[in-house]
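Worksheet: one structure, shown below.
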Amino acid sequence: MAQGKMKIKSKPPPNTKKNQKKGPANTKRLNAPMKPKKQKLQEANKLRQAVTKTVNKAVEEEIRATAGKSKLNNLSNAQKAVAKYNKKENK
């Protein structure tokens, strides 16, 4: 024979509130205009590439100018004539 009381699961008092499911922490406005993140990144990349191209072009022209000057001074007369002919032909 069992001795003692039966164990009963405790129940909260009837007047307490039940747990309500909460909505999302931040609500999104459906009509809020927003540019996509990808578009900003693409614009930044285009700007970066344009700057890089202009800088590279300027540096290349500068290097070619200095190299061309020093190269022509060290060439023989025949080589100078060939370089002069090629310059005329390219223009």
Identify which of A65, A44, A81 has the largest mean-square fluctuation in a Gaussian network model of the chain, with springs joining Cα atoms closer than 10 Å. A81
In Å, the C-alpha Rg and Dmax of the chain are 40.3, 126
Cα-derived Rg over Rh, computed across the stretch 37-90 with Rh taken as Kirkwood radius: 1.35
Exposure proxy ranking, count of Cβ atoms within 10 Å, fewest first, for L30, L41: L30, L41
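Test of understanding: what is the full-extension gain from K57 to K11, defined as 0.36 nm times their sequence separation minus their Cα-Cα distance?
So the extension gain works out to 8.6 nm.
FYI, it's all coordinate maths here, none of it is from the lab. Source: prediction; values computed, not measured. Positions of Cβ are backbone-derived with ideal geometry, glycine not excepted, and every protein chain shown enters the neighbour counts.
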